[in-house]
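A short reminder: the numbers here are calculations on the coordinates, not readings from a lab. Here the structure is a predicted model, which is why all the values come from computation and not from measurement. Here the Cβ positions follow ideal geometry from the backbone for every residue, glycine too, while neighbour counts run over all protein chains shown.
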Amino acid sequence: MTPHNQAQPGDYAEAVLLPGDPLRAKWIAETFLADARQVNGVRNCLGFTGSYKGKRVSVQATGMGQPSLSIYVHELINSYGVKTLLRVGTCGGLNAKVKVRDVILAQAASTDSAIVKDRFGPYNFAPIADFGLLRKAAEKAEAAGLKVHAGNMLSSDIFYHREPGLEGYGLLPDHGVIGVEMEAAALYTLAARFGVRALAVCTMTDCLITGEQIDADARQTSLKDMVTLALEVAIEG
């Protein structure tokens, strides 16, 4: 047990999906996992373990933002022995080639967060995904007919910028950054520090160029596609 997690040793599988929203964690467990049981409820940041296609897998909510995710990921790795971490979330689009409902695989994660940039002194550490997970996810997404993009994601500590649209993101869109979310860079940095594997898989739900947003029904369908993809990757180890 930890200050943020009431699970006992062995309660988590070695592979864990990481949504930000606790209710989305509950939805994933109830919708996709067989024999799911709740293993954590501290601060209502829900965690569950069950099986998918006969293989053990867990889901743990992380809350919003890199500080919150860092607590849960650190503890999952160091207190519960988790080896594979797959963030499943939503993101905003920074590139016209990426359409709403498309899946983005965060090959790398730029950030404005001091959590990463103040840790390495004179060096600019580049947080990147595990290549094996990235390759497997890309192959499975293409085989399933999903519209998928692999590229550089921005993990921002700021949700509401003063500047409208793309203006708040400076030169990043011009340098190939295709989406923005709030967690992947910290996830990748912790995975690198502790020698485990991580990948962020996000559905693009709103375009910061056109203002287009996904409606509630389409959002649910798209999230099912994304979660299924992440589970297929998770169970292959």
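Restricting attention to region 210-223, which residues are within 18 Å of Gly165 (Cβ to Cβ) and surrounded by 15 or more Cβ atoms within 10 Å (Cβ to Cβ)?
Residues of region 210-223 that are within 18 Å of Gly165 (Cβ to Cβ), as a first pass: 210-214.
Within region 210-223, Ile214 is the sole residue that qualifies.
Please work out if Leu86 is touching a helix residue (DSSP H, G or I) at 6+ places or on another chain (Cβ under 9 Å) and more than 21 Å from Ala198 (Cα to Cα). Write out each step before concluding.
Working: touching a helix residue (DSSP H, G or I) at 6+ places or on another chain (Cβ under 9 Å): yes; more than 21 Å from Ala198 (Cα to Cα): no.
No; evaluated as a whole, the condition is false for this residue.
Is there any pair linking a residue in region 134-147 that is loosely packed, with under 13 Cβ neighbours inside 10 Å to one that is of a type outside the set (Gly, Ala, Ser), with Cβ under 8 Å and at least six apart or on different chains, and which?
Glu142/Val148
Which number in (1) closer than 20 Å to Gln60 by Cα; (2) not in a helix (DSSP H, G or I) marks the one condition that Asp206 misses?
Only one criterion in (1) closer than 20 Å to Gln60 by Cα; (2) not in a helix (DSSP H, G or I) is unmet by Asp206, namely (1).
When you check Ala126 against the structure, is it of a type in the set (Gly, Ala, Ser), surrounded by 13 or more Cβ atoms within 10 Å (Cβ to Cβ) and within 25 Å of Ser58 (Cβ to Cβ), yes or no? Let's see the steps before the verdict.
Details: of a type in the set (Gly, Ala, Ser): yes; surrounded by 13 or more Cβ atoms within 10 Å (Cβ to Cβ): yes; within 25 Å of Ser58 (Cβ to Cβ): no.
So Ala126 does not fit the description; no.
Select from region 152-200 the residues that are more than 30 Å from Ala13 (Cβ to Cβ), among the aromatic types (Phe, Trp, Tyr) and either crowded, with 24+ Cβ neighbours inside 10 Å or in contact (Cβ under 8 Å) with a residue 24 or more places away in the chain (or both) and list them in ascending order.
Tyr169
Look through Gly10, Gly47, Gly41 and report the one residue that is farther than 17 Å from Ala185 by Cα, of a type outside the set (Ser, Thr, Tyr) and out of contact with any strand residue (DSSP E or B) (no Cβ under 9 Å at 6 or more places or on another chain). Give the steps one after another, and end with the answer.
Working: Gly47 fails: out of contact with any strand residue (DSSP E or B) (no Cβ under 9 Å at 6 or more places or on another chain); Gly41 fails: out of contact with any strand residue (DSSP E or B) (no Cβ under 9 Å at 6 or more places or on another chain).
After ruling out the rest, the residue left standing is Gly10.
Name the residue, out of Ala36, Ala7, that is without any contact (Cβ under 8 Å) to a residue 24 or more places away in the chain, surrounded by 13 or more Cβ atoms within 10 Å (Cβ to Cβ) and touching a Gly at 6+ places or on another chain (Cβ under 9 Å). Please lay out each step first, then the result.
On the way: Ala7 fails: without any contact (Cβ under 8 Å) to a residue 24 or more places away in the chain.
Residue meeting the stated conditions: Ala36.
Can you pull out the residues in region 11-33 that are of a type outside the set (A, V, I, L, M) and in contact (Cβ under 8 Å) with a residue 60 or more places away in the chain? Break it down stepwise before answering.
Filtering region 11-33 down to residues of a type outside the set (A, V, I, L, M) leaves 11-12, 14, 19-22, 24, 26-27, 30-32.
Listed by number, the residues that qualify are Asp11, Tyr12, Glu14, Pro19, Gly20, Arg24, Thr31, Phe32.
Only one residue in Gly81, Gly92 is surrounded by fewer than 18 Cβ atoms within 10 Å (Cβ to Cβ) and either of a type outside the set (Asp, Glu) or over 12 Å from the mean Cα position of the chain (by Cα) (or both). Which one? Steps first, answer last, please.
Working: Gly92 fails: surrounded by fewer than 18 Cβ atoms within 10 Å (Cβ to Cβ).
Sole residue among the options that is surrounded by fewer than 18 Cβ atoms within 10 Å (Cβ to Cβ) and either of a type outside the set (Asp, Glu) or over 12 Å from the mean Cα position of the chain (by Cα) (or both): Gly81.
Would you please list the contacts, defined by Cβ atoms under 8 Å and residues six or more apart or on different chains, that run from a residue in region 113-127 that is touching a residue at least 12 places away in the same chain (Cβ under 8 Å) and over 14 Å from Ala192 (Cβ atoms) to a residue that is small (Gly, Ala, Ser) and in a loop (DSSP other than H, G, I, E, B)?
Ser113/Ser156
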